[in-house]
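I have placed the structure first, in the form of structure tokens, so that the comments after it can refer back to it.
None of the figures in this text is laboratory data; all of them are computed from the coordinates on show. Since the model is a prediction, treat every value here as computed from it, not as a measurement. A quick note on method: Cβ atoms are made from the backbone with ideal geometry, for glycine too, and the neighbour counts reach across all protein chains shown.
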Amino acid sequence: MPDTSNHHRICPLCEACCGLEIKVQNSKVISIRGHDADVFSAGYICPKGVALKDLHDDPDRLRTPLIKRNGVFEAASWEEAYAEIERRLPPLMAAHGRNATAIAVGNPSAHKIGLLTYFGKLARALGTKNVFSASTLDQMPKQLASGLMFGHWLSVALPDITRTDYLLVLGANPLVSNGSMWTVPDFRGKAKALQARGGRLVVIDPRRTETAAVADAHHFIRPNADVFLLAAMVNTLFAEGLVKLGTVAPWVNGVAEVQLAVTGFTPEAVTKRCGLSAETIRTLTRDLASAPRAAVYARIGTCTQEYGTLCSWLVDVLNTLTGNLDAPGGAMFAKSAAFASNTAGKSGIGKGVSTGRHHARVSGAPEVYGELPITCMAEEIETAGDGQVRALFTVATNPVLSSPNGPRLAKALDALDFMVSMDIYINETTRHADVILPGVSPLEDFHYDVAFPQLSWRNHARYSPPVLPAAPGQPEEWQTLLKLAAIVQGKGAAADANTLDDAQFVRDAQRLFGAHADAVIQATQHLKGPQRNLDVALRSGPYGDAFGRKPGGLTLAKVIESNPTGGIDLGELQPRIPEMLRTPSGKVELAPPSLLQDLQRATQDLRGLAPDLVIIGRRDVRTNNSWMHNLPVLAKGPFRCTALIHPLDAARLDLQNGAMAEIQNGPRSVQAQVQISTEMMPGVVSLPHGWGHSLPGAKLHVAAHRPGANLNELLDDQLRDPLSGNAVLGGVAISMRPVAGTQPP
Ligand code: SF4
């Protein structure tokens, strides 16, 4: 008889956190589908979820450590790999200091509790200022604006989509992404329900995206011009007497300062810059202000540009000034069951956030939340002097493809004295490593989302046990991070990760629980590592049992028991102001001084001329991270790495549909297949990012079959949003020309 079992697993492949039902027969996955009974996602799944099987079975996925000897990777035992790191790294640190090291982490870490909650232990053990992450290629502007306004970077105002009457979306494509910095599986279904109850979905984007295609209205906007539109909408609210703060009025600082700051941004003043008429801007503002319940949501296109933090701020200024902040049907805050700083400490007040506590050695870019811009990494390696980076750790990241000017970074990585990567592939970045330590397949790992319940459309607590056992001898990722931390701290490669973790847990319990520490240690002694920390976080969290003092409250055991329904539903979003605020004033800071000052930059740019042709990225439902191009179920079908261009632009540039073209930005150029489409705004070209799998040494055999063009080869690593350090990935001026005789991939 075949040995068959059913498992319920949260999908870790994107922010939507869908519940999956996975059937296993004789230790092989035989089917993956949406879990209909899941309390959060109700059976929704996208094509990527099914690809977990391909990821698990991928022959390219690393299953043993590798050490590079004479330029060639050789399989090694874990002991040999740790010994090699201990042989090479501590002497380098002793000779050159802690800032001669750097660490970079990618976004898959956000989907793994072991990596997310133990990465910081390695970073702290290194003691380097050179901490980089994919946040500065993506959402750092949103994190910074939210931190400045509400006191914590994960206090993000989210559209209450199931109760809203009007949803305005800028620079985001949630029909494809199912939300970003907003966890909203089955956005399509929720958008349809919004429209069925008489509500409206309006999209502003330089491309008629999949979301725009189902919207009630879509307006093109020039890339990099959202700040002008948003400021003009705020200006219009004041000019037409439409400002109303609603229930949060007693807790809002800075309304008059905002009014003064946007004085020059009249609809007429911005119309040429952003490509929308003054009348359209006024109509958008009036519709937003007059809707009984409304929310504004903006994401990647508004973050990965020169004014990313300003855009993120102005979105929530609009939500606040229209009475929709923290109101049902407006922009609300999730209340997470565990790990949320806005449920910890003193209610309604906090330290707020500060930036610039240190600066990048070469560029002087300020630190934000302990990180430097990842686009500074190459120059920190290249530039001689005290603090020059000579050793690098990478954790689940591929910045050679995902970061601007990847060729420069690749060259810099070759100049390192030592590089260690934790990764499941030899990709375009880890091919430069001296040692690679593989992580587990997601199906071999337990799962609890740390960050995304803080960004979810509905409150929930969901846990998934491992679907399949890990290979014998394979450590859990948190154990690998603790071993690495022990090596750099001089405790030696023989240090036992469990013993180190136990000792740290006792210290943490004593610090957090004082006289109750022994009871907490006793109550969790059957657990270890992240599970133990999770149990403590749940039990001491806002829904927790307080270690028995609140009978009926959450424990990890209760959340595990609820796995047949995906987890525990904790209800729709509830108003949380003022208790969730962690600003020093205990108020929503509508006019942070650094943002008002940066608005001067936009004022000076208001009359600037938009370039004739600019490039932006785009998201496809079948890709999220670059390694997804190596999974057969996602790689099949029409080639997706095409340069979308409007017919008028194609005609004037003599470009043919399906033929190749050269795209140029100064000295940088790539070749891509042309796809002519009226979904593009004239003057704007779109090329997806994360492609370019033709580099030697990478072992992604499926991806290499159709490598595509690397958008980031075109982009300038010196262009950043100055406040957040986020890279500018869109709105960059380019030229295009046909390439004679070249065949498409
Ligand atoms: S939308 Fe797709 S990739 Fe994202 S969590 Fe759901 S199934 Fe996974």
Could you tell me what % of all Cα pairs in segment 619-672 have separations over 17 Å? 52
Among ALA461, CYS18, HIS432, which residue has its Cα furthest toward the positive end of the charge dipole of the chain, with +1 on Lys/Arg Cβ and -1 on Asp/Glu Cβ? ALA461
By the mean-Cβ-within-10 Å protection proxy, highest first, 390-401, 282-293 rank as 390-401, 282-293
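Let me know the volume per residue of the alpha-carbon convex hull for segment 46-204, in Å³. Could you put the intermediate results ahead of the total?
Values: hull volume 27.8 nm³, N = 159.
In segment 46-204, the Cα convex hull volume per residue is 175 Å³.
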Return a whole-number percent for the relative contact order of segment 611-738, with Cα pairs under 8 Å and 6 or more residues apart as the contact set. 37
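Would you order SER41, SER594, SER5, SER109 from fewest to most other beta-carbon atoms within 10 Å of each residue's own beta-carbon?
Working: SER41 27, SER594 16, SER5 11, SER109 22.
By the 10 Å Cβ count, ascending: SER5, SER594, SER109, SER41.
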Computed magnitude of the charge dipole of the chain (debye, nearest 20; Cβ of K, R +1, Cβ of D, E -1): 660
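Would you work out the charge dipole size for segment 611-738 about its Cα centre, treating the Cβ of every Lys and Arg as +1 and the Cβ of every Asp and Glu as -1, and quote it to the nearest 20 debye?
Numbers: 11 positive and 10 negative charges, 102 e Å.
That gives a dipole near 480 debye.
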Once you place label points 7 Å from the Cα toward the Cβ at ALA515 and ALA344, how far apart are they in nm? 2.3
My understanding is that a pair violates if its Cα-Cα distance is over 25 Å; which of LYS335/LYS550; LYS129/LYS528; LYS53/LYS112 do that in this structure? LYS129/LYS528
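Of all the C-alpha pairs in segment 1-137, what % are more than 17 Å from each other?
Details: 6882 of 9316 pairs.
That tail contains 74 percent of the Cα-Cα pairs.
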When we measure straight from the Cα of LYS411, which aspartates and glutamates land under 16 angstrom away, once same-chain ones fewer than 8 places off are left out? GLU379, GLU380, GLU382, GLU428, ASP434, GLU713, ASP716, ASP717
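Do the sum for the chain: with -39,500 (n - 2.57) for every DSSP H run of n ≥ 4, divided by all residues, what is the mean residue ellipticity at 222 nm, to the nearest 500 deg cm²/dmol?
Numbers: 26 runs with 234 residues, N = 745.
Value at 222 nm, helices only, nearest 500: -9000 deg cm²/dmol.
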Any idea which of GLY690, ALA733, LEU655 is furthest toward the positive side of the dipole for segment 611-738, if Lys and Arg beta-carbons carry +1 and Asp and Glu beta-carbons -1? GLY690
Compute the relative contact order of segment 176-321 as a whole-number percentage, counting only Cα pairs closer than 8 Å that sit 6 or more residues apart in sequence. 25
Can you bin every Cα-Cα distance in segment 611-738 into 10 Å intervals starting at zero and give me the percent of pairs per bin, rounded to whole numbers? 13, 42, 34, 11, 0
Only bridges with both residues in segment 611-738 count here: give the DSSP antiparallel percent, nearest 5. 65
Would you kindly state how much longer the chain becomes between VAL739 and ARG124 on full extension, computed as 0.36 nm times their sequence separation minus their alpha carbon distance, in nm to one decimal? 216.4 nm
Difference of contour (0.36 nm per residue) and Cα-Cα distance, ALA503 to ASN26: 167.8 nm
Loop trypsin sites (Lys or Arg not before Pro), segment 185-274, which have at most 14 other Cβ atoms in a 10 Å radius of their Cβ (DSSP): ARG197, LYS244
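Let me check against my output: what whole-number percent is the relative contact order of the chain, with C-alpha pairs under 8 Å and at least 6 apart? Show your work: numbers first, answer last.
On the way: 1705 pairs, mean separation 149.1, N = 745.
Once normalised by length, the contact order is 20 percent.
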Could you work out Rg/(2.2 N^0.38 Å) for the chain, with Rg from alpha carbons only? 0.92
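Calculated FRET efficiency, ALA217 and ALA37, Cβ-Cβ r, R0 41 Å, to nearest 0.05?
Working: r = 36 Å, r/R0 = 0.89.
So the FRET efficiency works out to roughly 0.65.
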